[in-house]
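Scroll down for the structure; my scribbles are underneath it.
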Amino acid sequence: MRITDLLDRRSIDINGSAASKEEALNKVIDLMCKSGKISDKKAYAEKVFAREKEGTTGTGEGIAIPHGKCDAVRSPGLAAMVVRGGVDFDSLDGEPVTLIFLIAAPNTKDNVHLDVLSKLSVMLMDDSFSEDLRKAGSVDEFLKIIDAADETASIDNYGSVADNAKCNIVAVTGCPTGIAHTYMAAEALEKAAKANGCSIKVETRGSGGAKNVLTAEEIAAADFVIVAADTQVPMGRFDGKKLIDCQVSDGISKADELVKRAIEGDGPVYHGSGSADEAGGAASGSFWHRVYTQLMNGVSHMLPFVVGGGILTAIAFLIDGLSVDINSLDQSMRSNFGSITTAAAIFKNIGGLAMGLMLPVLSGYIAMSIADRPGLAPGFVGGLIAANGTSGFLGALVAGFAAGYAVVLLKKIFEKLPAALDGIKPVLLYPVFGVLITGLFMLYIVEPPVGALNTWMNTSLNNLGSTSKVVVGIIVAGMMAVDMGGPINKAAYVFGTASIAAGNYYIMAAVMVGGMVPPFAIALSTLLFKNKYTTEERKSGPTNFVMGLGFITEGAIPFAASDPLRVIPSCVIGSALSGALSAAFGCTLMAPHGGIFVFPVVDHPLLYLVALAAGTVVSAVILGLIKRKKS
């Protein structure tokens, strides 16, 4: 499909003007409607503005590419406007926008708007092309310029062959969304290679999957490999090649530098398993970025278990909250809140099983990102030991990295074995020794000190029972946010439930409000500070409202795992504030669980809500201020 097939003459304005971003968007939406491709202008406009709230579509260099996909679009379309004098569009480079392309796509599975957006992004990287569009004297000239550029533009094949090439390069580019950056990096690398007299072929891993895939022969003939990607890339095929592994943004902004490094052979030799599907990429080359990528691989696989299990558990508490009068229950029955009725018990059982897989999946996929498939089984076992022992979430993190690097060490050791034994390594040697080493490490190295820490925490909390209620509220509520379901969190929770039997109901109130703050704060922060979170985080963030309602602190774990130095302190501060206010207001709670569904049995429920809201807002704002912006 050509770009001009989507661009109706009636949807082009080469003499546009706008005083604000909102006015510019409304005008270009009006242009789109003139083509007759929009059945419901209001619905389409809502989609365009909603996309803009997720992050500006002003890509820089005076260009903006807003877009919307919904049922109100009859057929794919484009609208274009040249803004004379420019308009402030909150662009990434802060410069005014003078050229706007609006994309409309029907709500189908073919993702036409992604393909068009990708192609436009590449074409608009050519400064002369975008400048020619701005200077077009008529609509016909505007269309002619686009048509001419469209003849040579492609997002399927990137590469060039140079006579007497200084270096033969193969490259891979990819970004999480696979829309613009994947192809912009490929274009930049191709241009840089041509300018430096090099041959290059670039494999793109975008929204439409892998294209221009590198063959084994091309890799074998290459002098150097460049992987500019923020996604997982099959790396085993590059075994033995000099390689640079960097972020996709470096492929755009530092393409010339990367090509010159390739010419000089400035890169380490990559050593992998040789397996074609060995995972890699998404690294800047630094140790800490590799650690972050490995961690995020575990978090991304863990997230569905947290969301699915957490919401089902929250529904269980809702069912009991609506079906049972908790004030009529004796102490033993209150401890079963969430599984008293048959329906609630079913939901809680299923949700509990899903949540129980959370830590094994986290550690298993961390290990797999380090050591490929042989790391999965040892990582799962290490996570199970952490979940069933005392080390919890923090232990699962340690287990994932320990299992992964243990298998890497085993691979190096078993390299010396005869080639005839290669077939039994992945099915026998790696699983047996990997599970054994990880299990022994967890049982005898990780678990004992964490168990001792847990015991110390409980003893300390019991000694605090007669001190200031506010101080106790600060401590137990803050502890609920330290490891979010781990031993510190559990120590505070056990102390709270034990205090119910002793008649110290204010402690349980502080514990629960402290545990509800992290998921609420995460959800609120993803809505208020969208530019501080990835697209995946913004989508999953609001589900934490549901988990917060059910007193499921674990909903915040994926966010804490990906950025612990910022998320955990922010949540601890907010939780501690809520705990202090709860104690100061004289709030008490006789139920050991239930979240919002047991608020009716809280003394001073409105003040309890105030305490929860105050801690949530404080944590969300602190987190939004200290987190780094996401590109």
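The values are calculated or read from the model by the stated rules, or taken from the named source; none is laboratory data. Source: prediction; values computed, not measured. Using ideal geometry, Cβ is built from the backbone for each residue, glycine included, and neighbour counts are taken over all protein chains shown. Areas reflect the complete protein model, heavy atoms only, side chains present, ligands, DNA and RNA absent. Shrake-Rupley method; radii C 1.70, N 1.55, O 1.52, S 1.80 Å.
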Restricting attention to region 324-343, does a residue exist that is at pLDDT 85 or above and assigned to a helix (DSSP H, G or I)? yes
Given (1) over 23 Å from Met355 (Cα atoms); (2) among the aromatic types (Phe, Trp, Tyr); (3) at pLDDT 90 or above, where does Phe599 come up short, assuming only one miss? (3)
Residue check for Phe393: hydrophobic (A, V, I, L, M, F, W, C), surrounded by 17 or more Cβ atoms within 10 Å (Cβ to Cβ) and closer than 30 Å to Val324 by Cβ: no
How about region 224-254: which of its residues are open to solvent by less than 10 Å² (accessible area, probe 1.4 Å) and small (Gly, Ala, Ser)? Ala228, Ala229, Gly236, Gly251
Identify, please: which residue in region 350-368 is modelled with pLDDT under 85 and open to solvent by less than 30 Å² (accessible area, probe 1.4 Å) and is, among those, nearest to Leu312 (Cα to Cα)? Gly351
Test for Gly16: is it at positive phi and surrounded by 15 or more Cβ atoms within 10 Å (Cβ to Cβ): no
Going through region 46-64 one residue at a time, which ones are surrounded by 20 or more Cβ atoms within 10 Å (Cβ to Cβ) and over 25 Å from the mean Cα position of the chain (by Cα)? Gly62, Ile63
Take the conditions at pLDDT below 90, of a type outside the set (A, V, I, L, M) and open to solvent by less than 20 Å² (accessible area, probe 1.4 Å) and apply them to Gly208. Does it pass? no
Hits in region 213-223 (condition: assigned to a loop (DSSP other than H, G, I, E, B) and either among the hydrophobic types (A, V, I, L, M, F, W, C) or crowded, with 18+ Cβ neighbours inside 10 Å (or both)): Val213, Leu214, Ala222
Within region 555-586, the count of residues that are within 20 Å of Ile507 (Cβ to Cβ) and hydroxyl-bearing (Ser, Thr, Tyr) comes to 3
Cβ-Cβ under 7 Å, sequence separation 6+ or interchain: first residue in region 527-544 and of a type outside the set (Ser, Thr, Tyr) and at pLDDT below 85, partner buried (at least 20 other Cβ atoms within 10 Å of the Cβ) and not in a helix (DSSP H, G or I). Which pairs? Gly541/Tyr533
If you check Lys27 against the conditions, is it farther than 27 Å from Thr534 by Cα and part of a helix (DSSP H, G or I)? yes
Show me the helices (runs of 4 or more DSSP H) found entirely inside region 385-487 where at least 1 residues are at pLDDT 90 or above and under 26 Å from Ala509 (Cα atoms). 469-480
When you scan region 539-601 for helices (runs of 4 or more DSSP H) that lie fully inside it, which ones turn up with 1 or more residues that are out of contact with any strand residue (DSSP E or B) (no Cβ under 8 Å at 6 or more places or on another chain), closer than 24 Å to Leu312 by Cα and of a type in the set (Phe, Trp, Tyr)? 543-549, 557-562
List pairs: first residue in region 126-144 and modelled with pLDDT of 90 or more, second residue outside any helix (DSSP H, G or I) and polar (S, T, N, Q) anywhere in the structure, Cβ distance under 7 angstrom, at least six positions apart or on different chains. Arg134/Thr98
Those residues of region 19-35 which are in contact with a strand residue (DSSP E or B) (Cβ under 8 Å, 6 or more places away or on another chain) and either surrounded by fewer than 19 Cβ atoms within 10 Å (Cβ to Cβ) or farther than 12 Å from Met81 by Cβ (or both) amount to Ala19, Ser20, Lys21, Glu23, Lys34, Ser35
On the basis of being over 28 Å from Pro426 (Cα atoms) and modelled with pLDDT under 90, does Lys191 make the cut? yes
